[in-house]
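Trainee: This structure is in C-alpha coordinates; I'll ask about it shortly.
The values are calculated or read from the model by the stated rules, or taken from the named source; none is laboratory data. In this text, all values refer to a predicted model and were calculated from it rather than measured experimentally. Cβ sites come from the backbone with ideal geometry, for glycine too, and all protein chains shown count toward neighbours. Note: accessible area is taken over every heavy atom of the protein model, side chains too, but ligands, DNA and RNA are not part of it. Shrake-Rupley method; radii C 1.70, N 1.55, O 1.52, S 1.80 Å.
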Amino acid sequence: MREIEERCLNAWPAAQQILYDGWIVRFANGYTRRANSVNPIYEGERGIYEKVLRCEQLYRDRGLRVVFKMTPLTHPPDLDLLLEGRGYEKEAGTSVQALDLRDLGIPGLSSVHIRESVDTNWMEAYTRMKGMSDSEMEALQGILSHIGPPAQYVSLLDGETPVAMGISVLEDDYVGLFGLVTDASRRNQGFGTQLVWAILGNARANGARTAYLQVEITNDPALRLYIRLGFEEAYRYWYRVK
(Lines give C-alpha, C1' and ligand atoms only; values in the text may rest on other atoms or scores of the structure.)
Protein backbone atom coordinates (compact mmCIF):
# COMPACT_ATOMS: atom_id res chain seq x y z
CA MET A 1 0.00 0.00 0.00
CA ARG A 2 2.75 2.45 0.88
CA GLU A 3 4.50 1.83 -2.45
CA ILE A 4 1.31 2.66 -4.34
CA GLU A 5 0.40 5.64 -2.15
CA GLU A 6 3.84 7.20 -2.54
CA ARG A 7 3.72 6.68 -6.29
CA CYS A 8 0.28 8.27 -6.43
CA LEU A 9 1.64 11.34 -4.66
CA ASN A 10 4.48 11.56 -7.17
CA ALA A 11 2.21 10.93 -10.17
CA TRP A 12 -0.36 13.60 -9.25
CA PRO A 13 1.63 16.46 -7.68
CA ALA A 14 0.10 19.41 -5.90
CA ALA A 15 0.94 23.02 -6.69
CA GLN A 16 2.06 23.42 -3.06
CA GLN A 17 2.98 20.87 -0.43
CA ILE A 18 3.84 21.07 3.26
CA LEU A 19 5.37 18.25 5.29
CA TYR A 20 3.98 18.45 8.82
CA ASP A 21 5.05 15.89 11.42
CA GLY A 22 4.50 12.87 9.16
CA TRP A 23 1.49 14.33 7.34
CA ILE A 24 1.68 15.52 3.74
CA VAL A 25 -0.53 18.58 3.25
CA ARG A 26 -1.30 19.37 -0.39
CA PHE A 27 -2.89 22.33 -2.19
CA ALA A 28 -3.80 22.81 -5.87
CA ASN A 29 -6.33 25.66 -5.89
CA GLY A 30 -9.12 23.21 -5.07
CA TYR A 31 -8.85 21.08 -8.23
CA THR A 32 -9.39 17.40 -7.29
CA ARG A 33 -9.42 16.07 -3.75
CA ARG A 34 -6.29 14.07 -4.54
CA ALA A 35 -4.18 17.20 -4.90
CA ASN A 36 -5.97 19.16 -2.16
CA SER A 37 -5.91 16.95 0.90
CA VAL A 38 -3.98 15.94 3.97
CA ASN A 39 -2.28 12.55 3.55
CA PRO A 40 -1.59 11.28 7.10
CA ILE A 41 0.45 8.22 6.12
CA TYR A 42 3.49 8.55 8.39
CA GLU A 43 3.83 8.57 12.15
CA GLY A 44 4.56 11.79 13.99
CA GLU A 45 5.15 13.06 17.51
CA ARG A 46 2.72 15.95 17.92
CA GLY A 47 -0.78 15.54 19.40
CA ILE A 48 -3.60 14.66 17.03
CA TYR A 49 -5.79 17.66 17.97
CA GLU A 50 -2.92 20.09 17.48
CA LYS A 51 -2.24 18.64 14.03
CA VAL A 52 -5.87 18.69 12.91
CA LEU A 53 -6.33 22.30 14.03
CA ARG A 54 -3.16 23.34 12.22
CA CYS A 55 -4.27 21.67 8.99
CA GLU A 56 -7.70 23.28 9.23
CA GLN A 57 -6.05 26.67 9.50
CA LEU A 58 -3.79 26.01 6.52
CA TYR A 59 -6.79 25.29 4.28
CA ARG A 60 -8.87 28.18 5.65
CA ASP A 61 -6.00 30.56 4.95
CA ARG A 62 -6.23 29.53 1.28
CA GLY A 63 -10.01 29.62 1.07
CA LEU A 64 -10.19 25.84 0.48
CA ARG A 65 -12.29 23.05 1.94
CA VAL A 66 -10.48 21.00 4.56
CA VAL A 67 -9.98 17.47 3.18
CA PHE A 68 -8.26 14.43 4.70
CA LYS A 69 -7.50 11.28 2.71
CA MET A 70 -8.13 8.16 4.81
CA THR A 71 -6.27 4.94 3.93
CA PRO A 72 -5.29 1.80 5.87
CA LEU A 73 -1.96 3.60 6.45
CA THR A 74 -3.56 6.50 8.33
CA HIS A 75 -1.65 7.65 11.43
CA PRO A 76 -2.91 7.74 14.07
CA PRO A 77 -5.48 4.98 13.39
CA ASP A 78 -8.27 6.78 15.30
CA LEU A 79 -8.04 9.91 13.12
CA ASP A 80 -11.10 8.94 11.06
CA LEU A 81 -13.30 8.73 14.16
CA LEU A 82 -11.98 12.05 15.44
CA LEU A 83 -12.75 13.77 12.13
CA GLU A 84 -16.24 12.28 12.04
CA GLY A 85 -16.84 13.68 15.52
CA ARG A 86 -15.73 17.11 14.30
CA GLY A 87 -18.37 17.10 11.55
CA TYR A 88 -16.29 15.83 8.65
CA GLU A 89 -18.39 13.98 6.08
CA LYS A 90 -17.25 10.83 4.30
CA GLU A 91 -16.92 11.24 0.53
CA ALA A 92 -15.71 9.43 -2.57
CA GLY A 93 -15.05 5.91 -1.35
CA THR A 94 -12.42 4.58 -3.76
CA SER A 95 -11.05 1.17 -4.69
CA VAL A 96 -7.33 0.97 -5.49
CA GLN A 97 -6.91 -1.80 -8.07
CA ALA A 98 -3.69 -3.56 -9.08
CA LEU A 99 -2.71 -5.93 -11.90
CA ASP A 100 0.40 -8.08 -12.46
CA LEU A 101 1.58 -7.40 -16.02
CA ARG A 102 4.36 -9.97 -16.29
CA ASP A 103 2.42 -12.86 -17.82
CA LEU A 104 -0.62 -10.93 -19.02
CA GLY A 105 -1.76 -11.44 -22.60
CA ILE A 106 -2.05 -7.92 -24.02
CA PRO A 107 -3.46 -7.43 -27.55
CA GLY A 108 -1.61 -5.09 -29.89
CA LEU A 109 -3.38 -1.96 -31.15
CA SER A 110 -2.47 0.30 -34.05
CA SER A 111 -4.88 3.21 -33.55
CA VAL A 112 -3.06 4.73 -30.58
CA HIS A 113 -1.12 7.98 -30.29
CA ILE A 114 1.24 8.30 -27.32
CA ARG A 115 2.86 11.61 -26.38
CA GLU A 116 5.71 12.16 -23.94
CA SER A 117 4.46 15.67 -23.14
CA VAL A 118 1.22 17.61 -23.33
CA ASP A 119 0.50 19.71 -26.38
CA THR A 120 -2.41 22.01 -27.18
CA ASN A 121 -4.30 19.49 -29.31
CA TRP A 122 -4.17 16.80 -26.62
CA MET A 123 -5.22 19.19 -23.86
CA GLU A 124 -8.13 20.62 -25.86
CA ALA A 125 -9.48 17.18 -26.74
CA TYR A 126 -8.99 15.86 -23.20
CA THR A 127 -10.65 18.77 -21.40
CA ARG A 128 -13.55 18.64 -23.87
CA MET A 129 -14.13 14.95 -23.10
CA LYS A 130 -13.89 15.67 -19.38
CA GLY A 131 -16.22 18.69 -19.61
CA MET A 132 -13.74 20.86 -17.73
CA SER A 133 -13.97 24.60 -17.17
CA ASP A 134 -11.14 26.99 -18.07
CA SER A 135 -10.06 27.23 -14.42
CA GLU A 136 -10.03 23.43 -14.09
CA MET A 137 -7.98 23.14 -17.27
CA GLU A 138 -5.47 25.64 -15.93
CA ALA A 139 -5.17 23.73 -12.66
CA LEU A 140 -4.75 20.44 -14.53
CA GLN A 141 -2.00 21.91 -16.70
CA GLY A 142 -0.18 22.93 -13.53
CA ILE A 143 -0.41 19.41 -12.14
CA LEU A 144 0.74 17.76 -15.37
CA SER A 145 3.66 20.14 -15.76
CA HIS A 146 5.03 19.11 -12.34
CA ILE A 147 4.89 15.32 -12.69
CA GLY A 148 8.36 14.06 -11.80
CA PRO A 149 8.41 10.45 -13.09
CA PRO A 150 8.02 9.75 -16.83
CA ALA A 151 4.44 10.39 -17.95
CA GLN A 152 2.69 9.53 -21.19
CA TYR A 153 -0.46 11.04 -22.65
CA VAL A 154 -2.43 8.45 -24.58
CA SER A 155 -5.11 8.95 -27.24
CA LEU A 156 -7.11 6.13 -28.81
CA LEU A 157 -8.14 7.16 -32.30
CA ASP A 158 -11.04 6.30 -34.58
CA GLY A 159 -9.62 7.46 -37.87
CA GLU A 160 -8.13 10.82 -36.94
CA THR A 161 -10.53 11.51 -34.08
CA PRO A 162 -9.64 10.84 -30.41
CA VAL A 163 -12.37 8.71 -28.81
CA ALA A 164 -10.70 7.79 -25.50
CA MET A 165 -7.80 9.34 -23.60
CA GLY A 166 -5.77 8.88 -20.46
CA ILE A 167 -2.50 9.45 -18.61
CA SER A 168 0.06 6.92 -17.43
CA VAL A 169 2.94 7.54 -15.02
CA LEU A 170 5.80 5.05 -14.77
CA GLU A 171 7.91 4.92 -11.62
CA ASP A 172 10.32 2.02 -11.13
CA ASP A 173 8.29 -1.04 -12.19
CA TYR A 174 4.88 0.44 -11.32
CA VAL A 175 2.62 2.20 -13.81
CA GLY A 176 -0.32 4.29 -12.63
CA LEU A 177 -3.35 4.95 -14.84
CA PHE A 178 -5.00 8.33 -14.31
CA GLY A 179 -7.88 10.34 -15.73
CA LEU A 180 -9.18 7.71 -18.15
CA VAL A 181 -12.09 9.03 -20.21
CA THR A 182 -14.12 8.01 -23.27
CA ASP A 183 -15.95 10.54 -25.41
CA ALA A 184 -19.57 10.65 -24.23
CA SER A 185 -20.88 9.96 -27.74
CA ARG A 186 -18.66 6.86 -28.15
CA ARG A 187 -19.19 5.00 -24.90
CA ASN A 188 -20.21 1.33 -24.64
CA GLN A 189 -18.34 0.52 -27.86
CA GLY A 190 -15.22 -1.05 -26.33
CA PHE A 191 -12.99 2.01 -26.61
CA GLY A 192 -12.34 2.16 -22.86
CA THR A 193 -11.07 -1.42 -22.93
CA GLN A 194 -8.82 -0.68 -25.89
CA LEU A 195 -7.43 2.40 -24.16
CA VAL A 196 -6.45 0.43 -21.06
CA TRP A 197 -4.84 -2.33 -23.15
CA ALA A 198 -2.84 0.28 -25.06
CA ILE A 199 -1.55 1.87 -21.85
CA LEU A 200 -0.70 -1.48 -20.27
CA GLY A 201 1.10 -2.79 -23.35
CA ASN A 202 3.22 0.31 -23.73
CA ALA A 203 4.01 0.41 -20.01
CA ARG A 204 5.14 -3.20 -19.92
CA ALA A 205 7.36 -2.58 -22.94
CA ASN A 206 8.98 0.18 -20.88
CA GLY A 207 9.62 -2.00 -17.82
CA ALA A 208 6.38 -1.94 -15.83
CA ARG A 209 5.52 -5.10 -13.92
CA THR A 210 2.54 -3.87 -11.89
CA ALA A 211 -0.28 -1.54 -12.92
CA TYR A 212 -2.50 0.34 -10.50
CA LEU A 213 -5.48 2.66 -10.77
CA GLN A 214 -8.13 4.24 -8.58
CA VAL A 215 -11.88 4.05 -9.18
CA GLU A 216 -14.77 5.24 -7.05
CA ILE A 217 -16.74 2.33 -5.62
CA THR A 218 -19.99 3.75 -7.04
CA ASN A 219 -18.66 3.61 -10.62
CA ASP A 220 -20.06 0.20 -11.54
CA PRO A 221 -19.26 0.29 -15.29
CA ALA A 222 -15.59 1.06 -14.64
CA LEU A 223 -15.35 -1.56 -11.90
CA ARG A 224 -16.78 -4.20 -14.23
CA LEU A 225 -14.30 -3.22 -16.93
CA TYR A 226 -11.29 -3.50 -14.64
CA ILE A 227 -12.47 -6.86 -13.29
CA ARG A 228 -12.75 -8.18 -16.86
CA LEU A 229 -9.19 -7.03 -17.53
CA GLY A 230 -7.91 -8.86 -14.44
CA PHE A 231 -7.48 -6.03 -11.94
CA GLU A 232 -8.01 -6.91 -8.28
CA GLU A 233 -8.67 -4.63 -5.34
CA ALA A 234 -5.58 -3.94 -3.24
CA TYR A 235 -7.22 -1.65 -0.66
CA ARG A 236 -9.73 1.18 -0.30
CA TYR A 237 -9.59 4.79 0.76
CA TRP A 238 -12.03 7.63 1.26
CA TYR A 239 -12.02 11.32 2.07
CA ARG A 240 -13.19 13.20 5.14
CA VAL A 241 -14.38 16.69 4.17
CA LYS A 242 -15.17 19.58 6.52
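Trainee: Output the residues belonging to region 79-120 that are without any contact (Cβ under 8 Å) to a residue 24 or more places away in the chain and of a type in the set (Val, Ile, Thr).
Mentor: As a first pass, look at region 79-120 and keep what is without any contact (Cβ under 8 Å) to a residue 24 or more places away in the chain: 81, 85, 103, 105, 110, 119-120.
Once the filter is applied, which keeps residues that are without any contact (Cβ under 8 Å) to a residue 24 or more places away in the chain and of a type in the set (Val, Ile, Thr), region 79-120 yields only Thr120.
Trainee: Sticking with this structure for a sec: Might you let me know whether region 58-76 holds any residue that is crowded, with 16+ Cβ neighbours inside 10 Å and among the aromatic types (Phe, Trp, Tyr)?
Mentor: There is at least one residue in region 58-76 that is crowded, with 16+ Cβ neighbours inside 10 Å and among the aromatic types (Phe, Trp, Tyr).
Trainee: Checking the structure you have, find out if any residue of region 175-189 is touching a strand residue (DSSP E or B) at 6+ places or on another chain (Cβ under 8 Å) and at positive phi.
Mentor: yes
Trainee: Something else: Failed condition for Arg46, given (1) under 17 Å from His75 (Cβ atoms); (2) under 21 Å from the mean Cα position of the chain (by Cα); (3) not in a helix (DSSP H, G or I), with all others met?
Mentor: (2)
Trainee: Mind checking which strands (runs of 3 or more DSSP E) fall wholly inside region 139-242 and carry at least 2 residues that are among the charged types (D, E, K, R), in contact (Cβ under 8 Å) with a residue 40 or more places away in the chain and open to solvent by 50 Å² or more (accessible area, probe 1.4 Å)?
Mentor: By residue number, 232-241.
Trainee: Follow-up question, since we're still on this one. Test of understanding: among Arg2, Arg60, which residue is more than 20 Å from Tyr235 (Cα to Cα) and of a type in the set (Lys, Arg)? Spell out how you get there, then give the answer.
Mentor: Details: Arg2 fails: more than 20 Å from Tyr235 (Cα to Cα).
Testing whether each residue is more than 20 Å from Tyr235 (Cα to Cα) and of a type in the set (Lys, Arg) leaves just Arg60.
Residue-by-condition table, conditions (1) under 30 Å from Asp172 (Cα atoms); (2) modelled with pLDDT under 95; (3) in contact with a helix residue (DSSP H, G or I) (Cβ under 7 Å, 6 or more places away or on another chain):
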{"site": "Met1", "(1), (2), (3)": "yes, yes, no"}
{"site": "Pro13", "(1), (2), (3)": "yes, yes, yes"}
{"site": "Val25", "(1), (2), (3)": "yes, no, yes"}
{"site": "Arg33", "(1), (2), (3)": "yes, yes, no"}
{"site": "Tyr49", "(1), (2), (3)": "no, yes, no"}
{"site": "Leu53", "(1), (2), (3)": "no, no, no"}
{"site": "Arg62", "(1), (2), (3)": "no, yes, no"}
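Matching residues to (1) under 22 Å from Leu225 (Cα atoms); (2) of a type in the set (Asp, Glu); (3) at pLDDT below 90:
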{"position": "Val112", "(1), (2), (3)": "yes, no, yes"}
{"position": "Ser117", "(1), (2), (3)": "no, no, yes"}
{"position": "Met129", "(1), (2), (3)": "yes, no, no"}
{"position": "Asp134", "(1), (2), (3)": "no, yes, yes"}
{"position": "Glu138", "(1), (2), (3)": "no, yes, yes"}
{"position": "Ile143", "(1), (2), (3)": "no, no, yes"}
{"position": "Gly166", "(1), (2), (3)": "yes, no, no"}
{"position": "Asp173", "(1), (2), (3)": "no, yes, no"}
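Trainee: Condition first: closer than 11 Å to Gln97 by Cα and in contact with a Lys or Arg (Cβ under 8 Å, 6 or more places away or on another chain). Now tell me which residues in region 196-213 satisfy that.
Mentor: Our first condition is that a residue be closer than 11 Å to Gln97 by Cα; within region 196-213, this holds for 210-213.
Passing the criteria: only Tyr212.
Here is a yes/no grid of residues against (1) among the charged types (D, E, K, R); (2) surrounded by 14 or more Cβ atoms within 10 Å (Cβ to Cβ); (3) under 30 Å from Leu225 (Cα atoms):
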{"residue": "Ala14", "(1), (2), (3)": "no, yes, yes"}
{"residue": "Leu19", "(1), (2), (3)": "no, no, no"}
{"residue": "Ile41", "(1), (2), (3)": "no, yes, yes"}
{"residue": "Glu50", "(1), (2), (3)": "yes, no, no"}
{"residue": "Ala98", "(1), (2), (3)": "no, yes, yes"}
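Trainee: Considering region 22-35 alone, what residues qualify as being assigned to a loop (DSSP other than H, G, I, E, B), on the phi < 0 side of the Ramachandran plot and either open to solvent by 10 Å² or more (accessible area, probe 1.4 Å) or among the hydroxyl-bearing types (Ser, Thr, Tyr) (or both)?
Mentor: Tyr31, Arg33, Arg34
Trainee: Return yes or no: is Thr94 of a type outside the set (Gly, Ala, Ser), in contact with a helix residue (DSSP H, G or I) (Cβ under 7 Å, 6 or more places away or on another chain) and closer than 30 Å to Leu200 by Cβ?
Mentor: no
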